[in-house]
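Peer 1: This is the structure I have questions about; it appears just below.
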Amino acid sequence: MYPKWLWPALAAAGILWLVLLFLVPFYAIIGVAFGGVDPIFQNPVPAWSPWHWDFASAIDTLKGFLPQHEYWRVFLRTAEYVAAALTASLLIGYPVAYYVSRHARRTKALLVALLVLPFWVSYLMRMLAWVNLFAPSGLVNEVLAVTRLTTQPPDWLNGNPVSVILALVYGYVPYLIVPLLAALDRIDQSLLEAARDLGASPWQAFVHVTLPLSKTGILGASVIIALPMFGDYYTPNVVSGSPLTSMLGNQIDIFFHGGPQPSVGASLTLILTLFLAGLTAYYMVAVARAHREGER
Amino acid sequence: MSAGAASSPRARSLARRALDWIANPWGKPRFLLLVTWAYVGVSILPVLVAIQFSFNAGRSMTAWQGFSLTRWYFGDPVYSVWHDPSLRHALIQSLKLAGFDMVIATPLGVMLAIGLSRWRSVAASMSNFLMLLPMVTPEIVMGVAFYLVILHLYTFIHPGTFAQALGHVTFSLSYVVVIVRGRLVSIGRQYEEAAADLGATPWESMRYVLLPLLLPAILSSLMIVFAISIDDFVISQWLSCGAGCDTIPIRIYGSARAGPLPAVNALAALMVYFTVIALGIAYLLFRFLTRGERADRSTRLLVGDMAALEM
């Protein structure tokens, strides 16, 4: 009933937008990373055609990731922070999502609303709140002082990795819980009843039914928060602001804002993107495999 | 030896009971209840404390010095949000960008969603893939990309409000597409086919059947676009022209560590109020638009839209 040309025509504007303002800008990173540097002004000269690409500087940057080289420490630190924050997020997020999905009856709507609430409060507003809480005279140190847990309250906001990890967890947990909740909600309850009828203890039913069925949900939710965490630079800047806790994102930020070599920054961005694309590809392969197993 | 043998099964059964107590899908999950409410409390408390301090009568961010409703909003003649030009400007800049984003990204995304979900071709599936990329690209990568492209290729665009707006539309577009496409799938095509059988022209069935059915999704999209645009920090910062282009998140970022005054809290709190008001209006409109559908279903739709976003 609709003319055939209508659908491509409707999509055209959006596709054009994405090509011009997403793909082409991304290509600009490649052009600058593989481009040259002006010998006098030291600013990058992008190479737009693949024939003119010069990989020397990008390979030099990549070599920096070898053990004991300049980016090795930063990369390791980033991976540590993300891994720690991700683990903590799962340990908090999974029980919460599980409870809301399975047990909250009358309070479910309220709890879902409360879990979604942080989405509506700006990320930096929440970081500001966090900084106020951990300030030298803030609530946390006050509680520590009142309960006499320490006589010397720690300095939370100057290069303390614990604060950075805690802030990452605080910032990203909501984005983990909601997809996890959706995944747990999709699990057919009758499977659990079947497991119980066949004599599984509640714990066995959880381990052998719920957990495997939520595996792709866990993976997906982890990827959703791991990707932005790897590119984060504002969280460490706000809660620490010290080179001792700088992450890969901070390194990129420095190269562009005030640093001398944007082309090195572009190479770093490219390497980060490739690394994250690898992670995403692994996730997609894992999901495809899980689907195949589910069908068998 | 004997004591150990006697106590170990008992210990195991205790551990077992504790585990069962936690994991029992039909029992009372007290532990989980505790974890959940503790988490909800911890996630919301700091924000409430921050809002509370926007009403502090004194200049401290951590010591409560009495209640003042208006000082940091417009009472203080120098430092309040209203009187400090940098804060007021950031507020206007954020609203400007969010408004532009809503006006451009929503129609563009709706058209893209309709087009992509019905156009069957290799180009369409490639575009579907392309559409998802901005959602999985870390913001810093997008920020660098935009920064470099306007520096080296699109040299006619300068860092500033226009560039920021283009960036905002680019990362919002995919969200609109995902929301609208979800609704398109749940509507199906039978209503439009019925309209066509009854003699509606393609334009009429789109205008009088499809668009009204899509309205709830369009509304959700507007809401989400507003929220992610006003929340955005990275893209706005990379495309900023300096102090004149500061948005609220950039101001918060800049002053979070540099001896902030409660005026920053007031600015951030204003953003929360705006979002809450917008959310309330959207919710009422949403209930109104889906009044034919069951109430719990319409709430589910809204939540479903949110969940779809994250997947």
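Since every read-out is calculated from the coordinates, none of them should be taken as a lab result. These numbers were taken from a predicted model, which means no experiment stands behind them. Please note: Cβ atoms are built from the backbone with ideal geometry, for glycine as well, and neighbour counts cover all protein chains shown.
Peer 1: I want to verify a result. In a Gaussian network model of chain B, Cα cutoff 10 Å, which of these has the top mean-square fluctuation: B:Phe274, B:Phe55, B:Phe129?
Peer 2: For chain B, modelled as a Gaussian network with Cα springs under 10 Å, the answer is B:Phe129.
Peer 1: Within 10 Å of each Cβ in B:42-55, how many Cβ atoms from other chains are there, averaged over the peptide?
Peer 2: 5
Peer 1: Something else about it: If the protein assembly as shown were replaced by its equivalent ellipsoid, with semi-axes equal to the square roots of 5 times the Cα gyration tensor eigenvalues, what would those be, largest first, whole Å?
Peer 2: Result for the protein assembly as shown: semi-axes of 37, 35, 28 Å.
Peer 1: Return a whole-number percent for the relative contact order of chain A, with Cα pairs under 8 Å and 6 or more residues apart as the contact set.
Peer 2: That works out to 24 percent.
Peer 1: Follow-up. How many partner chain Cβ atoms sit within 10 Å of a residue's Cβ in peptide B:128-134, on average, as a whole number?
Peer 2: The per-residue average across the peptide is 3.
Peer 1: A further question on this structure: Hey, how much of the P(r) for the range B:145-206 falls beyond 16 Å, as a percent of Cα pairs?
Peer 2: Pairs farther apart than 16 Å: 65 percent.
Peer 1: Please compute, for the alpha-carbon atoms of the range A:102-243, the extent along each of the three principal axes and give them in descending order in Å.
Peer 2: So the extents along the principal axes, rounded to whole Å, are 56, 36, 28.
Peer 1: Now, a different point. Only Lys, Arg, Asp and Glu count, each charged at its Cβ (+1, +1, -1, -1), so figure out the dipole size of chain A about its Cα centre, rounded to 20 debye.
Peer 2: Dipole about the Cα centre, nearest 20: 860 debye.
Peer 1: A follow-up question, please. Taking the number of other C-beta atoms within 10 Å as the exposure measure, put B:Arg88, A:Arg186 in order starting with the fewest.
Peer 2: Ranked by crowding around the Cβ, least crowded first: A:Arg186, B:Arg88.
Peer 1: Which of the three applies to chain A, rounded, prolate or oblate, going by the alpha-carbon gyration tensor with a ≥ b ≥ c and a/c under 1.5 meaning rounded?
Peer 2: Cα axes put chain A in the oblate bin.
Peer 1: Something else now. What is the local net charge at A:Tyr233, summed over the other residues whose Cβ is closer than 13 Å to its Cβ (Lys, Arg +1; Asp, Glu -1)?
Peer 2: Around A:Tyr233, the charge tally is -2.
Peer 1: Here's something else I'd like to know. Can you tell me, using C-alpha contacts under 8 Å and at least 6 residues apart, the relative contact order of chain B as a whole percent?
Peer 2: Relative contact order of chain B: 25 percent.
Peer 1: Over all alpha-carbon pairs of the range B:32-113, lay out the pair-distance distribution in 10 Å bins, whole %, shortest bin first.
Peer 2: Histogram of Cα-Cα distances, whole percents per bin: 16, 25, 25, 24, 11, 0.
Peer 1: I'd like the Karplus ³J(HN,Hα) series for the range B:61-69: coefficients 6.51, -1.76, 1.60, θ = phi - 60°, whole numbers in Hz, and an x wherever there's a Gly or Pro.
Peer 2: 8, 10, 10, 6, 10, x, 9, 9, 5
Peer 1: Hey, another quick one. Over the range A:34-101, what is the relative contact order in whole percent, taking alpha-carbon pairs under 8 Å and six or more residues apart?
Peer 2: Answer for the range A:34-101 is 17 percent.
Peer 1: Only Cα pairs within less than 10 Å get springs; with that Gaussian network setup on chain B, which residue of B:Ser172, B:Ser86, B:Ser229 has the largest fluctuation?
Peer 2: B:Ser86
Peer 1: Something else now. Against the 2.2 N^0.38 Å scaling, with N counting residues, where does the range B:85-310 land? I'd like the Cα-based Rg ratio to two decimal places.
Peer 2: In units of the 2.2 N^0.38 Å rule of thumb, it is 1.14.
Peer 1: Rounded to the nearest 20 debye, what is the charge dipole size of the protein assembly as shown about its Cα centre when +1 sits on each Lys and Arg Cβ and -1 on each Asp and Glu Cβ?
Peer 2: Dipole of the protein assembly as shown, to the nearest 20 debye: 1760 debye.
Peer 1: Oh, and also: Tell me which residues come under 5 Å, amide H to amide H, from A:Gly36 once H is placed; ignore anything under 5 positions away on its chain.
Peer 2: So A:Gly36 has HN proximity to A:Val45, A:Ala47.
Peer 1: Starting from the amide H of B:Arg189, placed 1.01 Å from N in the peptide plane, find each other amide H under 5 Å away whose residue is 5 or more places distant or on another chain.
Peer 2: The list, which skips near neighbours in sequence, is empty: none.
Peer 1: Please check: in the Gaussian network model of chain A (C-alpha springs, under 10 Å), which one of A:Pro153, A:Pro39, A:Pro228 has the largest mean-square fluctuation.
Peer 2: So, out of A:Pro153, A:Pro39, A:Pro228, the one fluctuating most is A:Pro39.
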